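Report on one structure; see the data block that follows.
The values are calculated or read from the model by the stated rules, or taken from the named source; none is laboratory data. Quick caveat: nothing in here was measured; it's all calculated off a predicted structure. A quick note on method: Cβ atoms are made from the backbone with ideal geometry, for glycine too, and the neighbour counts reach across all protein chains shown.
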Amino acid sequence: MRIHKALLIGRYITAPRSAVYRALLDPRVTCDVHAFDACEGGALRISLTYDVPTGTGKTTAHTDTYRGRFVKLVPNEQVVEVDEFETTDPALRGEMTITITLADADGGTKLLATHDGLPRGVSPADNEAGWRMALAKLAALVEAR
């Protein structure tokens, strides 16, 4: 059962849409990538590890591992994936839909991310903080190229 509304977060990135799109589908720029087939229907499995001692993972004490699939890829415009945490905790289970949409904006790219279906055991504030950190890293990566 879901109790959280969808998270909608935006970020301006000083890089062309094509560079942002390539970075979203590049397994080398993601954390610990176990599987990453960047095509519609392709599978992904990724682990995010918290370096801080207070980090609490959903899969192990300091790691979130999730698996999913790409359901829609529109080059330079949109990435849609459906993911689920690998966990035994029922409050953290269930499919989540991530939709990232890219649009041209003032010499760069406007990225809009929607995270729908957040499990009830995940704090919306923590989820938003994680998204903001991830998008800041994505921006730093593509703006440096």
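Table: residues versus (1) more than 19 Å from Phe70 (Cβ to Cβ); (2) of a type in the set (Val, Ile, Thr); (3) modelled with pLDDT under 90.
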position	(1), (2), (3)
Leu102	no, no, no
Lys110	yes, no, no
Arg120	yes, no, no
Asn127	yes, no, yes
Arg145	yes, no, yes
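Of the residues making up segment 77-111, just one is at positive phi and surrounded by 15 or more Cβ atoms within 10 Å (Cβ to Cβ), namely Gly94. With the condition kept exactly as written, say whether any residue in segment 26-40 is within 23 Å of Gly108 (Cα to Cα) and at pLDDT 85 or above. No, segment 26-40 contains no residue that is within 23 Å of Gly108 (Cα to Cα) and at pLDDT 85 or above.
Applying the condition of being among the aliphatic types (A, V, I, L, M) and without any contact (Cβ under 8 Å) to a residue 60 or more places away in the chain to segment 121-133 and asking which residue is nearest to Ser47 (Cα to Cα) yields Met133.
Going by the structure shown, is Thr97 farther than 18 Å from Ser18 by Cβ and at pLDDT below 90? No; evaluated as a whole, the condition is false for this residue. Flag: Val20 does not match the condition of being surrounded by 13 or more Cβ atoms within 10 Å (Cβ to Cβ), modelled with pLDDT under 70 and within 25 Å of Thr109 (Cα to Cα). Are any of the residues in segment 41-50 in a loop (DSSP other than H, G, I, E, B), more than 15 Å from Gly130 (Cα to Cα), modelled with pLDDT of 95 or more and not aliphatic (A, V, I, L, M)? Yes, some residue in segment 41-50 is in a loop (DSSP other than H, G, I, E, B), more than 15 Å from Gly130 (Cα to Cα), modelled with pLDDT of 95 or more and not aliphatic (A, V, I, L, M).
If you scan segment 87-120, which residues turn out to be assigned to a loop (DSSP other than H, G, I, E, B) and either within 19 Å of Glu40 (Cβ to Cβ) or free of Cβ contacts under 8 Å to residues at least 40 places away in the same chain (or both)?
Thr87, Thr88, Asp89, Arg93, Glu95
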